[in-house]
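Peer 1: Questions regarding the structure given below will be posed in turn.
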Amino acid sequence: MSLPMIQDIRDTVIKLTYIARRAELNVIAKAYKHGDPLPRIEYTAEERETWRIAYTTLKELRKDFTCSEYQNNIVEMEAAGLLTADRIPSIQAVSDYIQRRTGFQLRPCGGLLSARDSPPLWRFACFKQHATSAIHQSRHCPMFADPEIAELSQEIGLLSLGASDEQIERLATLYFFTVEFGLCEQDGKVKAIGAGLISAYGELMHACSDVPEHKQFHPEVTVVTTYDDSKYQPLYFVTKSIKDFMDKIKTYAATIN
């Protein structure tokens, strides 16, 4: 058997193993009922190593690429023993911590959420994370321990009350470009506010580089901007601060019927 054939077989096995693991975690997520303790996942050695590499890499990038709010929050979570490179954190422990700080909670769900499904969850201060990417979600969480990000997320959720499908899509786009992939100006540099950027070091470095286009954040422009969440974005929106995001979104909210 040739080396290319052997490599193809290995790649297929890896892919099938990954798909099976996602299916297994989806079953756990879908079995969850509100009020139950969050599921306790037994992670594999490979998953724990993936966490260690990702956590260590992101820690090295914090100072240059992430906002001060994130840096302060994650240092506090590390001091509390919640986040460490040595182990994947307990989803329940992280959820309890965030709830004490901002009122948000984590809930498992299987697969992606639709735009219509998500805003009411923001409204009730309940942030769903994918059990299919439990390793990824704990790196997401420090920003939701920040009161301003929590308020920003809930503000967008409040706008969804009684909204039409078209308005929901616009709000989902607004959420994507702020809470998930927003940038701010700090220390003379562009730095990440968005939890999606902060939890993915490849796109984090891409977004803060000179490669993509950076535009000043204006909600009325942002909500009609297209994006593709399967790849790095060619455009990101930048603001002066999280408060600036909030102020502009509240002004935009007054224009919504």
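Peer 1: Determine the alpha carbon to alpha carbon distance for each of 59/248; 189/240; 191/250 and list only those over 21 Å.
Peer 2: Those over the limit are 59/248; 191/250.
Peer 1: To make sure I understand, if each residue's beta carbon is the centre and we count other beta carbons within 10 Å, what order do 33, 248, 63, 231 fall in, fewest to most?
Peer 2: Listing 33, 248, 63, 231 from fewest to most nearby Cβ atoms yields 33, 231, 63, 248.
Peer 1: Also, I was wondering about something else. For the stretch 26-40, just list the computed ³J(HN,Hα) in residue order, Karplus coefficients 6.51, -1.76 and 1.60, θ = phi - 60°, integers in Hz, with x standing in for Gly and Pro.
Peer 2: Residue by residue, the stretch 26-40 yields 4, 4, 4, 5, 6, 7, 5, 10, 3, x, 6, x, 5, x, 9 Hz.
Peer 1: Taking the Cβ of each residue in 246, 143, 77, 5 as the centre, tally the other Cβ atoms inside 10 Å and list the residues starting with the fewest.
Peer 2: 5, 246, 77, 143
Peer 1: Taking the chain as a Gaussian network, Cα atoms linked when under 10 Å apart, which of 102, 66, 17 shows the biggest mean-square fluctuation?
Peer 2: 17
Peer 1: Which aspartates and glutamates does residue 243 reach when only Cα atoms under 15 Å apart count, and residues fewer than 8 places away in its own chain are ignored?
Peer 2: 69, 146, 148, 151, 155, 185
Peer 1: Something else now. What ³J(HN,Hα) values, in whole Hz, does the Karplus curve 6.51 cos²θ - 1.76 cosθ + 1.60 give for the stretch 185-191 when θ = phi - 60°, with x put for Gly and Pro?
Peer 2: 9, 9, 6, x, 10, 8, 10
Peer 1: Any aspartates and glutamates with Cα under 15 Å of the residue 15 Cα? List them, leaving off those in the same chain fewer than 8 positions away.
Peer 2: Leaving aside aspartates and glutamates fewer than 8 places away in the same chain, those within reach of residue 15 are 24, 46, 47.
Peer 1: If neighbour count is taken as other Cβ atoms inside 10 Å, put 170, 62 in order from fewest to most.
Peer 2: 62, 170
Peer 1: For residue 218, what residues show an amide H to amide H distance below 5 Å, using hydrogens built from the backbone and excluding near sequence neighbours?
Peer 2: none
Peer 1: Please work out the FRET efficiency for the pair residue 34 and residue 60, using the Cβ-Cβ distance as r and a Förster radius of 41 Å; give the result to the nearest 0.05.
Peer 2: After rounding to 0.05, the efficiency reads 0.60.
Peer 1: At a Cα cut-off below 17 Å, give the lysines reachable from residue 30, other chains included and same-chain residues fewer than 8 away excluded.
Peer 2: Qualifying lysines at Cα under 17 Å: 128.
Peer 1: Output wanted: per-residue J couplings in Hz (rounded whole) for the stretch 198-213, from phi through Karplus 6.51 cos²θ - 1.76 cosθ + 1.60, θ = phi - 60°, x for Gly and Pro.
Peer 2: Per-residue couplings from phi come out as 5, 8, 9, 5, x, 6, 4, 5, 4, 5, 8, 8, 8, 6, x, 7 Hz.
Only the coordinates and a few stated rules stand behind these numbers; no lab work does. All of these numbers come straight from a predicted model, not from anything done at the bench. FYI the Cβ positions are ideal-geometry reconstructions off the backbone, even for glycines, and counts take in every protein chain you see.
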